[in-house]
Amino acid sequence: MTNNFLTTIKSLKLIEGCKAAQLYALSSVGATASTSGSGDAGGSSRPQPPPPPKAISMRSGSLYYPHAAPSTSGAFVPEPHLPCGLPVADALEPALDACLRPVDHVAALAASYRRVSAATSSAAEGGGEGDDLCDAYLEQHALFQSMGDARLLRRALRAARVHAGDPHRRAVLAAWLRYERREDELDPAPPPLAPCTATTPLLECPRAAVFAGVSAGVDPVCPCRRPYTPPLPAASSFSEDETNDLWFIIGEEEVACERSSIASLSKPLNTLLYGGFAEAQRDRIDFSRDGITPRGMRAVAAYSRHGRVNDFPPDTISQLLAFANRFCCDGLKAACDAELAAMVRGADDAHSLIDVGLEEASHLLLASCLQAFLRELPGSLTNPDVSRLLCSPEGRERLDAAGNASFALYYFLSQVAMEQDAKSNTTVMLLERMSECAERPWQRQLALHQLGCVMLGRGEFEDAQEWFEAAVAEGHVYSLAGEARAKYKRGHKYAAYKLMSSVVGEYDEPAGWMYQERSLYCVGKEKLADLSSATELDPTMTFPYKYRACAMLEEDKAASAIEEIGKVIGFKMATDCLELRAWFYLALEEYELAVQDVRAVLTLEPGYMMFHGRMHGEQLIELLRGQLQQWDMADCWMQLYDRWSAVDDIGSLAVVQQMLSREPGNSSLRFRQSLLLLRLNCQKAAMRSLRYARNSSLHEHERLVYEGWILYDSGHRDEALAKAEQSISLQRSFEAFFLKAYALGDSSMDTESSLSVVQLLEHANSCASDNLRKGQVRIVHDHFHGFLFANCLCSQLIVLQAYNNMGSIYVDCDMLDEAAECYGIALNIKHTRAHQGLARVHYLKNRKQAAFDEMTKLVRIATNSASAYEKRSEYGERDAAKTDLNTATILDPTRTYPYRYRAAVLMDENKEEEAIAELSGAIAFKPDLQLLHLRAAFFESMGDGASTLRDCEAALCLDPTHGDTLELYSKASKRPEPES
């Protein structure tokens with residue numbers, strides 16, 4: 001069987017295709033054999049690495065691993081059955097973050113909060129907001145990028161949109177908000193400038209962005225939802241009262257006008273017709289050379305009498321606009337601008353009117369045209385005319401002259417371009433325009449750093465170094481990592497090492513990325529020491545784990561390698577780490593486990609390419625088919641049930657992906673996939689699965705349920721509740737009642753509503769699921785005991801969750817016996833997570849030891865679950881709790897409760913410095929609201945007012961409405977400064 005597999009691999013010529021990469025692996029290892037102290041600061045003849053495949057961009061999760069050459073040292077030798085050899089540890093390289101990354105996140109967040117507060121105060125005192133507040137929130141958005149919290153990023157964008165003071169910025173930020181939410185749209189997606197639906201956020205409304213009036217705030221009523229007002233009667237109906245005492249001669253035609261009406265359009269026209277000019281004495285004036293047609297002049301006459309332009313076609317309004325600019329007719333220009341802007345209903349209209357807007361500096365029209373292009377990103381960037389306008393220096397100058405070029409515009413465009421292809425010429429040009437629009441220090445830092453990152457990815461190392469140096473000169477310390485990387489790529493390894501060593505030595509509390517970057521330029525124990533320091537300071541960085549795992553594999557420690565890479569997978573579903581572990585399993589011929597990880601990768605990124613972009617994951621699975629045990633759908637359900645009971649989320653994901661490869665249109669499976677992804681904090685992939693479920697549903701009542709879940713997860717709970725009720729009216733189903741229970745329970749949870757939720761869940765359990773349970777599932781209950789028949793596994797999984805949720809609601813209502821009954825039913829049918837709920841019931845009944853023992857049962861099954869250890873710590877004595885929380889931190893260093901608990905214990909023991917250090921260690925890599933608030937409270941109790949204010953400001957930057965922090969901040973602000 002192995003021979004057949006090898007033959008298949010050879011037929012694809014993958015092994016032969018990897019031989020060139022193996023040559024690089026030899027030369028790169030040889031080149032790095034010298035110590036960091038060897039003077040290689042001068043020009044080096046070391047061969048440069050081949051560029052990665054085009055399929056990989058700077059943001060791609062795919063790995064680019066040159067492969068191992070044959071070893072003669074007795075280390076691990078790659079087996080011939082591997083499709084692409086093995087990754088080489090010394091050839092691994094972490095990606096640079098293409099965002100602002102301050103050395104001290106807390107200080108940067110605090111400074112950002114102060115800037116927002118100052119801009120808010122200034123706006124309140126001046127009676128207007130201007131653009132300072134909008135720019136301050138955009139700066140917050142840039143700071144939040146390095147934290148990777150989508151909720152914070154969206155909140156900053158929303159705040160910037162609220163405080164945008166002109167139509168251009170409102171249109172840009174509204175389009176950006178819609179772009180970030182594009183995956184929430186249901187198929188078919190509405191046209192870009194279509195009127196809003198009931199669930200469209202007001203801040204994304206295209207009409208509200210352009211026609212919001214003079215207020216920079218948000219109109220509480222969306223223009224799309226205002227009552228229709230019929231237009232006034234046409235101008236021709238007023239012809240009886242018209243008087244003509246002035247004629248404009250254009251060519252051979254005369255256009256009759258009223259002198260006083262024309263003169264009222266602007267001061268220049270008033271001076272012309274009533275001042276000391278010869279035209280004031282004439283009743284016929286020659287306008288043949290003023291660039292207007294007789295039709296256009298008749299329109300001017302009509303507007304001067306009736307004040308409307310909505311009766312005219314676009315070409316006539318364009319003439320009116322040009323006339324208004326020539327004679328400074330502000331009212332006419334505003335009317336024409338608004339009318340033309342309202343005519344832009346899509347990209348075609350924008351293409352036909354953009355030149356008029358540019359030539360006449362028509363702000364509303366330009367904002368509407370830009371909005372049409374921005375709402376069709378990224379596709380609109382492939383249009384040559386749009387690309388020329390947005391990307392070229394000449395295009396930026398034209399937009400700037402018309403008042404529609406801004407940093408916000410190019411910030412948005414460059415982010416989109418980098419997501420699509422960070423190495424493209426389009427990306428480079430947009431970043432260059434962004435740097436030209438940068439006025440504030442943070443804007444210049446961001447633009448210059450991102451240019452350096454893009455140039456580095458393109459292999460233009462000298463240019464990359466120059467851009468990074470420019471960013472450093474603006475004050476962005478993290479760009480020193482890029483400068484060092486560029487020097488290393490140019491062959492100056494020792495110079496790179498010296499640079500990063502100086503960075504590490506400059507700070508009393510170096511950041512983890514400093515050690516990680518320096519590790520690239522040293523070898524042996526020194527390299528491992530730096531990587532160890534990097535992990536200690538920032539355990540969320542994946543590169544140290546990957547390097548150590550590959551190094552272990554090279555030393556023939558495959559089990560240790562898998563354990564090492566598993567550490568990061570335990571708390572971070574990173575596709576590159578899953579791919580690496582699959583690679584290790586392949587080396588050990590553990591094909592089932594390898595395919596499990598590959599399927600998990602494909603669930604997160606369906607188009608993922610394995611082995612540095614050479615092979616799609618599905619293709620690898622197909623090649624390994626002969627090595628795998630074949631399961632039919634019944635076997636898959638059994639496997640899914642076993643993995644769910646074993647709290648194996650990755651295994652469950654893999655089984656569901658395998659089932660969907662057989663039944664891609666199974667909407668119920670897609671729904672269950674989304675639930676698993678939500679449990680793993682993979683929000684984006686979960687929403688994608690929900691959309692697939694909705695789009696593949698064959699029945700209206702099913703579609704309504706999935707639309708409801710999409711609305712629920714997007715924050716539209718009332719609309720989700722309405723969808724559930726609409727679905728129930730069509731057909732009573734488990735899923736519809738389940739959705740209604742969730743939506744109702746999330747809105748209000750008093751005792752009465754809680755019991756209503758319980759009743760809904762009971763209705764859900766009494767219904768047969770439309771797709772999977774019908775004809776397949778029977779559940780027999782004998783009070784506490786549930787018996788599963790062999791064919792009932794498909795929907796049993798979600799029923800288990802329903803009983804678990806019922807138990808939680810009963811606990812909230814203080815109905816502990818009923819809660820225990822629900823948890824017992826769930827446990828009898830192997831819903832392992834119900835141990836946690838039953839433990840809570842024991843604890844509330846003052847049976848603390850029983851609660852601890854119940855959680856121990858969960859811990860024995862979910863041995864790698866940080867949440868299980870964390871929950872068990874609540875029921876143990878202090879020493880046992882500390883042990884559990886230490887284990888939880890090892891398994892998932894991003895969970896904040898263990899740090900807060902340990903810090904509180906240290907504070908109780910009057911170990912103030914140790915308590916602060918415990919919190920500071922976590923804050924250094926995860927600036928969390930609760931951690932910052934607790935440290936601020938500690939500082940306040942120690943009398944350190946400055947540190948208290950700083951931490952409060954940083955916490956309020958993350959959540960300006962946090963009540964406890966606001967109270968502490970007010971108290972600290974009123975405290976008098978200590979006398980020096």
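The values are calculated or read from the model by the stated rules, or taken from the named source; none is laboratory data. Quick caveat, the model's predicted, so the values are computed rather than measured. As a convention, Cβ positions derive from the backbone with ideal geometry for all residues, glycine included, and neighbour counts pool all protein chains shown. Calculation scope for accessible area: heavy atoms of the full protein, side chains included, ligands and nucleic acids excluded. Shrake-Rupley method; radii C 1.70, N 1.55, O 1.52, S 1.80 Å.
Could you please give the count of residues in the stretch 488-508 that are over 22 Å from residue 442 (Cβ atoms) and touching a residue at least 24 places away in the same chain (Cβ under 8 Å)? Working first, answer last.
If we filter the stretch 488-508 for residues that are over 22 Å from residue 442 (Cβ atoms), which is where we start, we get 488-502, 504-505, 508.
From what is left, the residues that are touching a residue at least 24 places away in the same chain (Cβ under 8 Å) are 488-498.
Selection size over the stretch 488-508: 11.
Which ones in the stretch 628-652 are under 30 Å from the mean Cα position of the chain (by Cα) and not in a helix (DSSP H, G or I)?
If the condition is that a residue be under 30 Å from the mean Cα position of the chain (by Cα) and not in a helix (DSSP H, G or I), then 647, 648 are the ones that fit.
Restricting the search to the stretch 254-267, which residues are open to solvent by less than 60 Å² (accessible area, probe 1.4 Å), in a helix (DSSP H, G or I) and either within 17 Å of residue 325 (Cβ to Cβ) or in contact with a Gly (Cβ under 7 Å, 6 or more places away or on another chain) (or both)?
262
If you check 582, 559, which single one turns out to be part of a helix (DSSP H, G or I), modelled with pLDDT under 95 and open to solvent by 10 Å² or more (accessible area, probe 1.4 Å)?
On the way: 582 fails: open to solvent by 10 Å² or more (accessible area, probe 1.4 Å).
Exactly one of 582, 559 is part of a helix (DSSP H, G or I), modelled with pLDDT under 95 and open to solvent by 10 Å² or more (accessible area, probe 1.4 Å), namely 559.
Under the condition of being farther than 23 Å from residue 251 by Cβ and of a type in the set (Gly, Ala, Ser), which residue from the stretch 268-302 is surrounded by the fewest Cβ atoms within 10 Å (Cβ to Cβ)?
276
Of the residues that sit in the stretch 724-739 and are open to solvent by less than 50 Å² (accessible area, probe 1.4 Å) and of a type outside the set (A, V, I, L, M, F, W, C), which one is farthest from residue 201 (Cα to Cα)?
So the first thing to find is which residues in the stretch 724-739 are open to solvent by less than 50 Å² (accessible area, probe 1.4 Å), and the list is 724, 727-728, 733-739.
Imposing the further condition that a residue be of a type outside the set (A, V, I, L, M, F, W, C) reduces the set to 727, 733, 735.
Values: 727: 24, 733: 30, 735: 26 Å.
Among those that are open to solvent by less than 50 Å² (accessible area, probe 1.4 Å) and of a type outside the set (A, V, I, L, M, F, W, C), it is 733.
Keeping to the stretch 816-870, report how many residues are buried (at least 24 other Cβ atoms within 10 Å of the Cβ), in contact with a His (Cβ under 8 Å, 6 or more places away or on another chain) and over 24 Å from residue 758 (Cβ atoms).
Total meeting the criteria: 1.
In the stretch 419-439, is there at least one residue being open to solvent by less than 20 Å² (accessible area, probe 1.4 Å), in contact (Cβ under 8 Å) with a residue 60 or more places away in the chain, under 18 Å from residue 145 (Cβ atoms) and assigned to a helix (DSSP H, G or I)?
Kept after step one, since they are open to solvent by less than 20 Å² (accessible area, probe 1.4 Å), are these residues of the stretch 419-439: 422, 427-428, 430-431, 433-434, 437-438.
Still in the list and also in contact (Cβ under 8 Å) with a residue 60 or more places away in the chain: 422.
Keeping just the survivors that are under 18 Å from residue 145 (Cβ atoms) gives 422.
Retained after the next criterion (residues that are assigned to a helix (DSSP H, G or I)): none.
So far as the stretch 419-439 goes, no, none of its residues is open to solvent by less than 20 Å² (accessible area, probe 1.4 Å), in contact (Cβ under 8 Å) with a residue 60 or more places away in the chain, under 18 Å from residue 145 (Cβ atoms) and assigned to a helix (DSSP H, G or I).
Condition first: under 22 Å from residue 833 (Cβ atoms), touching an Asp or Glu at 6+ places or on another chain (Cβ under 8 Å) and assigned to a helix (DSSP H, G or I). Can you find one or more residues in the stretch 960-971 that meet it?
Kept after step one, since they are under 22 Å from residue 833 (Cβ atoms), are these residues of the stretch 960-971: none.
No, the stretch 960-971 has no match at all.
Going residue by residue through the stretch 872-885, is there one that turns out to be modelled with pLDDT under 95, among the acidic types (Asp, Glu), outside any loop (DSSP other than H, G, I, E, B) and open to solvent by 30 Å² or more (accessible area, probe 1.4 Å)?
Yes: the stretch 872-885 contains one or more residues that are modelled with pLDDT under 95, among the acidic types (Asp, Glu), outside any loop (DSSP other than H, G, I, E, B) and open to solvent by 30 Å² or more (accessible area, probe 1.4 Å).
Check whether at least one residue in the stretch 805-817 is in a loop (DSSP other than H, G, I, E, B), touching a residue at least 24 places away in the same chain (Cβ under 8 Å) and in contact with a strand residue (DSSP E or B) (Cβ under 8 Å, 6 or more places away or on another chain), and report yes or no.
no
Here is a check on your reading of the model: is residue 351 open to solvent by 30 Å² or more (accessible area, probe 1.4 Å) and in contact with a helix residue (DSSP H, G or I) (Cβ under 6 Å, 6 or more places away or on another chain)? Lay out the reasoning, then the answer.
Working: open to solvent by 30 Å² or more (accessible area, probe 1.4 Å): yes; in contact with a helix residue (DSSP H, G or I) (Cβ under 6 Å, 6 or more places away or on another chain): no.
Considered against the rule, which asks whether it is open to solvent by 30 Å² or more (accessible area, probe 1.4 Å) and in contact with a helix residue (DSSP H, G or I) (Cβ under 6 Å, 6 or more places away or on another chain), residue 351 comes out as no.
Counting only residues that are of a type in the set (Asp, Glu) and in contact (Cβ under 8 Å) with a residue 12 or more places away in the chain, which one in the stretch 937-979 is least open to solvent (accessible area, probe 1.4 Å)?
Pass one, the stretch 937-979, residues of a type in the set (Asp, Glu): 940, 944, 951, 953, 959, 964, 967, 977, 979.
Still in the running and in contact (Cβ under 8 Å) with a residue 12 or more places away in the chain: 940, 951, 953, 959, 964, 977.
Working: 940: 32, 951: 0, 953: 16, 959: 44, 964: 92, 977: 148 Å².
Looking at residues that are of a type in the set (Asp, Glu) and in contact (Cβ under 8 Å) with a residue 12 or more places away in the chain, I get 951.
Considering only helices (runs of 4 or more DSSP H) fully contained in the stretch 457-534, which possess at least 3 residues that are more than 15 Å from residue 101 (Cβ to Cβ)?
Details: elements: 461-473, 479-489, 493-506, 512-519.
Passing ranges, in order: 461-473, 479-489, 493-506.
Do we find that residue 700 is modelled with pLDDT of 90 or more, more than 17 Å from residue 656 (Cα to Cα) and surrounded by fewer than 20 Cβ atoms within 10 Å (Cβ to Cβ) in this structure?
Numbers: modelled with pLDDT of 90 or more: yes; more than 17 Å from residue 656 (Cα to Cα): yes; surrounded by fewer than 20 Cβ atoms within 10 Å (Cβ to Cβ): yes.
Yes; evaluated as a whole, the condition is true for this residue.
Of everything in the stretch 303-321, what is open to solvent by 20 Å² or more (accessible area, probe 1.4 Å) and of a type outside the set (Ser, Thr, Tyr)? Give them in sequence order.
305, 306, 307, 308, 310, 311, 312, 313, 314, 315, 319
Within the stretch 98-140, work out how many residues are closer than 17 Å to residue 168 by Cα, at pLDDT below 90 and assigned to a helix (DSSP H, G or I).
Qualifying residue count, the stretch 98-140: 1.
Looking at (1) within 18 Å of residue 862 (Cα to Cα); (2) aliphatic (A, V, I, L, M); (3) at pLDDT 95 or above, can you tell me which one residue 600 breaks?
Here residue 600 clears every test but (1).
Condition check ((1) in contact (Cβ under 8 Å) with a residue 60 or more places away in the chain; (2) of a type in the set (Val, Ile, Thr); (3) in contact with a Phe, Trp or Tyr (Cβ under 9 Å, 6 or more places away or on another chain)) across all residues:
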{"position": "603", "(1), (2), (3)": "yes, yes, no"}
{"position": "615", "(1), (2), (3)": "yes, no, no"}
{"position": "636", "(1), (2), (3)": "no, no, no"}
{"position": "647", "(1), (2), (3)": "yes, yes, no"}
{"position": "653", "(1), (2), (3)": "no, no, no"}
{"position": "656", "(1), (2), (3)": "no, yes, no"}
{"position": "694", "(1), (2), (3)": "yes, no, yes"}
{"position": "698", "(1), (2), (3)": "no, no, no"}
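So the check is Cβ under 7 Å with 6+ separation or different chains; which pairs have a first residue in the stretch 330-355 that's touching a residue at least 24 places away in the same chain (Cβ under 8 Å) and β-branched (Val, Ile, Thr) and a second one that's buried (at least 23 other Cβ atoms within 10 Å of the Cβ) and in a helix (DSSP H, G or I)?
Here the result reads 344/350; 344/353; 344/368; 344/369; 344/372; 354/369, each pair linking the stretch 330-355 to a residue that is buried (at least 23 other Cβ atoms within 10 Å of the Cβ) and in a helix (DSSP H, G or I).
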